[in-house]
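The structure under discussion appears below in the form of structure tokens.
Derivation of every value follows stated rules applied to the coordinates shown; laboratory data play no part. In this text, all values refer to a predicted model and were calculated from it rather than measured experimentally. Methodologically, a virtual Cβ is constructed for each residue, glycine included, from the backbone with ideal geometry; neighbour enumeration extends over all protein chains shown.
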């Protein structure tokens, strides 16, 4: 039954609008995997590529940094207390409320991708990308043998899951102010 579910999930991920978009990276952009407060986190180096539609992609290398374990731990420590619907000032829909409730209930189940950058005030900030229990690659779910030294997809590149509902969301965290800002889920890049 589980194999059937995984095959159905993989085919829906590959065929439907809920496809993962991956940016190829080189060996020097592979994330460091750390466990923090029960969360599985990937700390990406400053040179890791981000999608063109993210403003951090356009920052010069001097405005990017590799997050440290302690910086990610600071964000994780207050993550459970953030009220997602209060982060953005945009009007909320019923769907936004449902996603926020589901995200809060499943917070410990997400894979996290951390990217560091300095804002215009030169304050260190984190872009945190959350990924639910979805198929990242055929190797990750056991449909293909993992080659020697295989590195899971979520540690190699920023993943974006369009149409994934509460399975994909992102938020920013300002390390200087200790505040979260600009939360969005799935394809709702205006903020959820």
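Above 15 angstrom, tally the Cα pairs of region 33-123 and express them as a % of all pairs, no decimals.
Summing the P(r) of region 33-123 above 15 Å gives 67 percent of all pairs.
Using a ≥ b ≥ c from the Cα gyration tensor of region 44-190 (square roots of the eigenvalues), is it rounded, prolate or oblate, where a/c under 1.5 gives rounded and otherwise the larger of a/b and b/c decides, a/b for prolate?
On the way: a/c = 1.70, a/b = 1.12, b/c = 1.51.
Oblate, since a/c reaches 1.5 and b/c is not below a/b.
By its C-alpha gyration tensor, with a ≥ b ≥ c as the square roots of the eigenvalues, how is region 79-148 shaped: rounded for a/c under 1.5, else prolate for a/b larger than b/c, else oblate? Walk me through the numbers on the way to the answer.
Details: a/c = 2.90, a/b = 1.41, b/c = 2.06.
It comes out oblate by the Cα gyration axes.
Fewest Cβ neighbours within 10 Å first, please rank 110, 183 accordingly.
On the way: 110 22, 183 25.
In order of increasing Cβ crowding within 10 Å: 110, 183.
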